[in-house]
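The values are calculated or read from the model by the stated rules, or taken from the named source; none is laboratory data. Since the model is a prediction, treat every value here as computed from it, not as a measurement. So basically every Cβ, Gly included, is an ideal-geometry build from the backbone, and we count neighbours across all protein chains shown. These accessible areas exclude ligands, DNA and RNA; they are computed on the full protein's heavy atoms, side chains included. Shrake-Rupley method; radii C 1.70, N 1.55, O 1.52, S 1.80 Å.
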Amino acid sequence: MKKVTQLFLLAGAMFVGSCDKYLDINNDPNRQKEDKIPMAQVLTGLTLNVGFTGGSDVQRHTGLIMQHYSGQTTGGETQTQAFEKYLIQATELNNLFSSIHATSIQDAEMVIKQARAEGSPHYAGVAKLLKAYTYQLAVDVWGDQPYSEAQQLLGNLFPKYDNDEEIYTKLIALIDEALTDINASASIQSPGTNSTIYTGAWTAQKPKWIRFANTLKLRLFIHYSKFNKADAVAKITTLVNSGAEFMTGNADNFSHVFQTASRRQNPIHQFELDRGNYIFPNNTLVSMMVAKADPRLPFYFTDFPANSGNYKGAKAGDVASQKYSRIHSYLRGAVTNVGTPLAGGDWNGSGVNSISYNGAGPIRMLTFAEYNFIRAEAALYGAPGDAQTFFTAAITAAMSEAGVSTGNTTTYLGANGTLAGTDEDKLKQIIEEKYVSGYGVAVEPWTDWRRTGYPALTLPGNAILNGVPRSLLYPASEIELNRNAPPQKANMLERVFWDKP
């Protein structure tokens, strides 16, 4: 939260996102009232926090659960080691829940109310999309959430929790409302460079918001595939046949680009700077990529010198220990200083001497590659389109996003890009490729695993549960302070509605 606050200050949103302001009932003449904070400024803080959240706690928790990442495995136990064995305590989720509800969703509601009052539907539409996206994350992480009674400030300090399946239905309706607002012919104000997502002139960015909205609906619909596959196919078919616009290229990615200045860099990079030796590539992901000679390897991970022994986080038999050591430019931004390899012996955690990054890499939240993977999976179930065509497009988009050359992409597609076998075999191919391309994306790879069972995961040897988590505990702050919060879960094996067996 300290970093989030610093980022808000740097963005100029000094009055946005403070949990304390909602409890201050004194009338301070020197303090701006919420309905007087410029709407443009609130949107800046909102888009910034959505982007920051996408690369912070929830991304690390789910990345460790899904074995994209691993914690250090020697020395005293680090926080990420604890998370990797599923020791994620309720107290450690307070900040994440607060960032989602007391900041992002609250600020979205503030923008919606101000936009409605002044006749700026374009602002309202963007805020509704950000609210829908953020609620989708919250539901997929925890299940039931405060919704119908939330965002009432002092009007209701103890909002009830709505059923997660009902919230999904409301989110789809909210996205439809957002599209109506975005397409309004008149709006007193429209978002522009003050939005840190799809930043720029409204006329140029409006189509991207529309494509994101429809692609977000596809994501929600594909989540129903395990719960009610026929319903998922019907919803997707109706949306596709409606002529809705979807993402058309990587330029449409719903992502947040950060800056190179200290404390304005992306949160994955900042975590690496602040907590060295906490995050390593997981052998599950690395092994999958090595087995296919995946050309994204040198973009995803630093190349560990073959003659320098095992890196400090390695376990016996890990492919990662043989070559790939640390997260690299794909998540951290451009390399600014390559440095020189360390000489012999165990790597001490600093990787390659003096290697540094600019920290401006994007936080990817919903991509064009994901859109194509969704369409490929849906087509496999009977929705419109050809599964192979979308599968090829998905891999191509993912390779391009990572910086892989056209020639290497063609070679990879020749070896790994043809769907074959039974429909179940094809589903496995689609989701495993989506898993690799989803490196660094919060929650969605975990959602795919919960829906499909792919990729197959082996429990860590020291896991404290007898299964991979299927939701996170509710934060301790909610259980302790909200009398209408549900009872704490028995453990993290409880399932959200679309994950029911």
Taking K and R as +1 and D and E as -1, what net charge do the other residues with C-beta under 10 Å from the C-beta of Ala387 add up to?
-1
List the residues whose amide H sits under 5 Å from the amide H of Leu493, counting only those 5 or more places along or on another chain, with H placed 1.01 Å from N in the peptide plane.
Arg470
Summed side-chain charge close to Phe254 - residues other than Phe254 whose Cβ falls under 12 Å, Lys, Arg +1, Asp, Glu -1
+1
All alpha-carbon distances of the stretch 109-253, grouped into 10 Å bins from 0, give the whole-percent distribution 11, 38, 35, 16, 1
Computed over the stretch 445-490, Cα set: Rg, Dmax in Å:
14.2, 39
Plugging the Cβ-Cβ distance of Asp423 and Arg116 into 1/(1 + (r/R0)^6) at R0 = 51 Å yields, to the nearest 0.05, a FRET efficiency of 0.65
Once both labels are modelled 7 Å past Cα along the beta-carbon direction, what's the Thr203-Gln488 spacing in nm?
5.7
Give the peptides 255-263, 53-61, 482-490 in descending order of average Cβ contacts within 10 Å, highest first.
53-61, 255-263, 482-490
In order over the stretch 112-119: 3J(HN,Hα) from phi, Karplus 6.51/-1.76/1.60, θ = phi - 60°, whole Hz, x for each Gly or Pro, gives 4, 5, 5, 5, 5, 5, 9, x
A 24 angstrom limit on the alpha carbon distance is what I want to check against. Which of Lys292/Lys428; Lys208/Lys428; Lys226/Lys292; Lys428/Lys489; Lys206/Lys226; Lys160/Lys208 exceed it?
Lys208/Lys428; Lys226/Lys292; Lys428/Lys489; Lys206/Lys226; Lys160/Lys208
Any idea how far apart Asn156 and Ser185 come out in nm if each label point goes 7 Å out from Cα toward Cβ?
3.7
Between Leu413 and Val335, the two model label points (7 Å from Cα along the beta-carbon direction) sit apart by a distance in nm of 2.7
Whole-angstrom gap from the stretch 230-288 to the stretch 403-475, using each part's C-alpha centre:
14
Applying the Karplus parametrisation 6.51 cos²θ - 1.76 cosθ + 1.60 with θ = phi - 60° to the phi angles of the stretch 377-394, what ³J(HN,Hα) value in whole Hz is obtained for each residue in order, glycine and proline being reported as x?
5, 4, 4, 4, 7, x, 6, x, x, 9, 4, 5, 4, 6, 4, 4, 5, 5
Please find the FRET efficiency linking Asn462 to Asp274, where r is the Cβ-Cβ separation and R0 is fixed at 25 Å, and quote it to the nearest 0.05.
0.50
Among Val338, Val496, what's the order by accessible area (1.4 angstrom probe), most exposed first?
Val338, Val496
Can you give me the Rg/Rh ratio for the stretch 203-313, using Cα atoms for both radii and the Kirkwood formula for Rh?
1.10
The rounded separation in angstrom of the Cα centers of the stretch 155-197 and the stretch 42-69 is 20
Could you work out what % of the accessible surface of the stretch 174-219 is carbon and sulfur, using a 1.4 angstrom probe and leaving DNA, RNA and ligands out of the count?
52
Classify the stretch 345-501: rounded, prolate or oblate, from the alpha-carbon gyration tensor (a ≥ b ≥ c, eigenvalue square roots; a/c under 1.5 rounded; otherwise prolate if a/b is larger than b/c)?
oblate
Residue by residue, what Karplus-based ³J(HN,Hα) values in Hz, rounded to whole numbers, does the stretch 96-102 have, using 6.51, -1.76 and 1.60 with θ = phi - 60° and x for Gly and Pro?
4, 5, 5, 4, 6, 8, 7
